Amino acid sequence: MSEFVFLYRGGEGGRSPERAQQTMQKWMAWLKDLGAKGHIKDQGQPLERSGKLVKGKQKIVTDGPFAEAKDVVGGYTLIEARDLAQAVELSKGCPIFEVDGAVEVRPVMKMNV
Amino acid sequence: MGLDEHLFRREAGRMVATLTRIFGVHNLALAEDVVQDAFCRALEVWKFRGVPDNPSAWLMTTAKNRALDVLRRDRTVRNFAPELGRLLESEWTLVPAVEEQFEPHAIRDDELRMMFSCCHPKLTEEAQVALSLHILCGFSVDEVAGAFVSSHAAMEKRITRAKKVLARSKKLFDIVRGEDFTVRLPAVQRALYLLFNEGYHGASPESAVRTELCGEAMRLAGLLREYPPASTPATFALGALMCLHAARLPARLDSSGDLRSLFDQDRSRWDVGLVAEGQRLLDLSAAGPVLTEYHVEAAIAWVHTTAHEAGDTDWNTIVSLYDKLLAIRASPVVALNRAIAIAERDGPQRGLEEVHAIADSGRLVHYPFFHAALGEFELRCGRHETARDHFRRALAVARNTMERQFFEHRIGACERPTTSWHCSSCANE
């Protein structure tokens, strides 16, 4: 098994209370299902959409957001899968696609390559 | 992790009502933004960490903290609720003042204030109902449009305009000292009645939506009953009629999802709990000399619930109740229902005469059950061809799949002469 990180990008925005609740329930069901199948190493955390950016030798501090709203990372999950292809397949069940978001699937580097 | 199916929607109404009270009605849009924000937060946090033990309290606290941020940030550039005025200006009083607004009894009063405010006399009844559903029940514009089978654009226009009227009304309706309380109360009752009716008789094809609209109307009517100045006999009667009608909802669709008329519903599926509650409220409504249309409609619904089968119905009483209803609030639909009751009591020929005598029946040509009633009477008189034409007209103006299926079955019945004589509703003729 290899490890992957799912980075959830975008997919926020104007939704009715009913839709927000449905979306949330779909997320919980999806994560639960991944967990039941042994694919979750760490469920991860939500991230505030704003923060600070510290940059350069001068360590200049600027306010976030650092990307356009549709590209901001809103959270992550640490996944276990056979290979990248399987990790990608697993990501396809994510409810974020219903709200125009994206999942970035990134393999975690191994010690011995 | 069990979460009420419509928790967000219901909390949205409570949160907007309370935030509007704090921010002032002119800042309605700001209140809506804060609510939206709270839901985004809940969505982000809960999906990773699970639903908190008390989700309602979590949402309310999030809204309260966000409100405090907004008040601190904007207090020099924006005017907030004039009633809270100076309390919001100093840090010493800000937090306790806001905390107090988030006490359960305060939230309930805010919901009532908002309910009365949504029934602004400058708004049409349709706009009042749409606005109430949007603000108090947390339905999005799309969801309101879906419930009323209206286009998104038309509903958006109606709600936007209604919100402007509300935001310009300077302050929320004063439910404690409002001099026009007794004037506004009937408008509120009427809006809740229309909301319930939209769910019960409306055109929305989805039975889920219908049940939700009825449920929301009943919830708001319950709030009205809890507030003594608003718990008048008419309010009890309104609650009674909602319960007695809602009791029949489970039987309106049979196991294959087909619409069942009152005459051939499986009455064992009526909700006995709601019948009992309806009866209790009907008793409470009898205090005092006032007889409203809600009293009469509740009484009609109650007479139906006392009949174990359609054949046992006391049509004599029902006809006389419809006579009363016509005297209180005449409408072609009431006249049509009266004609149906007369047909049940005196035979289909009398029913036809009554329908033809409806003064402004022109207003019913788009109402499918007008044509269906004529079809039913003609069929029972044995005039199958004429009956079929009426059912076809009903089919042409049917508003959803369930109604279409229902009328198609009736057209089918016209082609099988033998079956019509076994129709349950003519058994007592």
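Pairwise alpha-carbon distances in the protein assembly as shown exceed 40 Å for 38% of all pairs.
Would you please classify the overall shape of the stretch B:219-363 from the alpha carbon gyration tensor, given that a ≥ b ≥ c denote the square roots of the eigenvalues, rounded means a/c under 1.5, and beyond that prolate means a/b larger than b/c while oblate covers the rest? Taking the square roots of the gyration eigenvalues as a ≥ b ≥ c, the stretch B:219-363 is oblate. Which one, B:256, A:30, B:115, projects farthest toward the positive side of the charge dipole computed for the protein assembly as shown from Cβ point charges (K/R +1, D/E -1)? Of the candidates, A:30 comes out farthest on the positive side. Largest first and in whole Å, the equivalent-ellipsoid semi-axes of the stretch A:40-108 read 28, 15, 11, each the square root of five times a Cα gyration tensor eigenvalue. For a paramagnetic label modelled on residue A:26 (point 7 Å from Cα along Cα→Cβ), amide N atoms under 17 Å away belong, within the stretch A:96-110, to A:96-104.
Would you please give the FRET efficiency between residue B:208 and residue A:112, computed as 1/(1 + (r/R0)^6) with r the Cβ-Cβ distance and R0 = 41 Å, to the nearest 0.05?
Given R0 = 41 Å and the Cβ-Cβ separation, E is 0.15.
Projecting label points 7 angstrom from Cα along Cα→Cβ for residue B:168 and residue B:316 puts them 5.7 nm apart. Across peptide B:4-12, the mean count of Cβ atoms from other chains lying within 10 Å of each residue's own Cβ comes to 4. Subtracting the Cα-Cα distance of residue B:327 and residue B:68 from their residue separation scaled by 0.36 nm leaves 87.9 nm.
Partner shielding of B:32-43 amounts to 4, given as the average count of beta-carbon atoms from other chains within 10 Å of each residue beta-carbon. What is the list of residues in the stretch A:64-85 whose amide nitrogen lies under 12 Å from a point 7 angstrom out from the Cα of residue A:54, following Cα to Cβ? Counting only backbone N, you get no residues. If you take the alpha carbon atoms of chain B and fit the smallest convex hull around them, that volume is 156 Å³ per residue.
Across chain B, how many lysine pairs, 8 or more positions apart or on different chains, have C-alpha atoms separated by under 14 Å? Please give the number. Numbers along the way, then the final one.
Working: B:122/B:163; B:122/B:164; B:122/B:170; B:163/B:171.
Value for chain B: 4.
The charge dipole of the stretch B:301-351, taken about its Cα centre with unit charges on the Cβ of Lys, Arg, Asp and Glu (plus for the first two, minus for the last two), comes to roughly 300 debye.
Extending 7 Å from the Cα toward the beta-carbon at both residue B:54 and residue B:79 defines two label points whose distance is 3.6 nm. For the stretch B:217-305, the Stokes-Einstein estimate of translational diffusion at 10 °C and a viscosity of 1.306 mPa s comes to 118 µm²/s, using the Kirkwood hydrodynamic radius over alpha-carbon pairs. Measuring between their Cα centroids, the stretch B:140-167 and the stretch B:324-365 lie 33 Å from each other. Using 0.36 nm per residue and subtracting the Cα-Cα separation, the extra length available between residue B:91 and residue B:223 on full extension is 44.2 nm.
What does the C-alpha gyration tensor say about the overall shape of the stretch A:12-64? Classify as rounded when a/c is under 1.5, otherwise prolate if a/b is larger than b/c, or oblate. Oblate shape, in that a/c is at least 1.5 and b/c is the bigger or equal ratio. Which angle from 0 to 90°, rounded to the nearest 10, does the C-alpha axis of helix B:401-415 make with the longest principal axis of chain B? Orientation of helix B:401-415: about 0 degrees from the principal axis. Sorted from longest to shortest, the spans of the Cα atoms of the stretch B:166-239 along the three principal axes equal 42, 32, 16 Å. Going 7 Å from the Cα of residue B:356 along its beta-carbon direction, which residues of the stretch B:375-409 have the amide nitrogen within less than 17 Å of the resulting point? Under cut-off, by backbone N: B:375-390.
Considering only A:75, A:44, A:56, the mean-square fluctuation computed in a Gaussian network model of chain A, springs between alpha carbons under 10 angstrom, is largest for A:56.
Each value in this text was obtained by applying a stated rule to the coordinates, not by laboratory testing. Note that the structure is a prediction, hence the values are computed from the model and not measured. Every residue, glycine as well, gets a Cβ built from its backbone with ideal geometry; the counts of neighbours run over all protein chains shown.
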